[in-house]
Amino acid sequence: MNFILLITVILVLLLSLRQMILIEKSKNKSTMQEIKQNISLLLCGIPTIAALVFIPHQVWVLTGKSNDWDGVYIIGGTAIIVMVISFVFYYKKKLKLN
């Protein structure tokens, strides 16, 4: 069950990043459209931030919930890896769509 939850959160992260890129691509003709675009980006950021926090926790649960330094290394390493993968995914998709 924990593995399925981890896969689901990873998909939510990737889909929300993709949605952010698609929203940024739209052209704004007025101030009101720009406000709507910024609100949409903020709303897409909520699942992104939640996923960035939840993925390291879920990996920690899958590796045995260690309370020692190895748990800190697992959570920290996973957080760094997830952030780097997110930035790379965002950058590559943004270049591809532009």
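Taken together, the values in this text are just the output of simple stated rules run on the coordinates, not laboratory data. Bear in mind the structure is a predicted one, so any value in this text is a computation, not a measurement. Ideal geometry is used to build each Cβ from the backbone, glycine not excepted, and the neighbour counts take in all protein chains shown.
Structural remarks
- Lys-Lys pairs in the chain that are eight or more residues apart or on separate chains and whose Cα atoms lie under 12 Å of each other come to 4.
- For P(r) over Cα pairs in 10 Å bins from 0, in percent, computed directly from the structure shown, the correct entry in (1) 15, 39, 27, 13, 5, 1; (2) 17, 41, 23, 14, 5, 1; (3) 15, 51, 29, 5 is (1).
- For Met1, Met32, Met83, order by how many other beta-carbon atoms lie within 10 Å, fewest first: Met1, Met32, Met83
- HN-Hα J in Hz across the range 69-83 - Karplus 6.51, -1.76, 1.60, θ = phi - 60°, x for Gly and Pro: 5, 5, x, 5, 5, 5, 5, x, x, 5, 4, 5, 4, 5, 5
- Relative to the dominant Cα principal axis of the chain, helix 2-25 is inclined by about 20°.
- Label-point separation, Val12 to Met32 (7 Å along Cα→Cβ), nm: 3.3 nm
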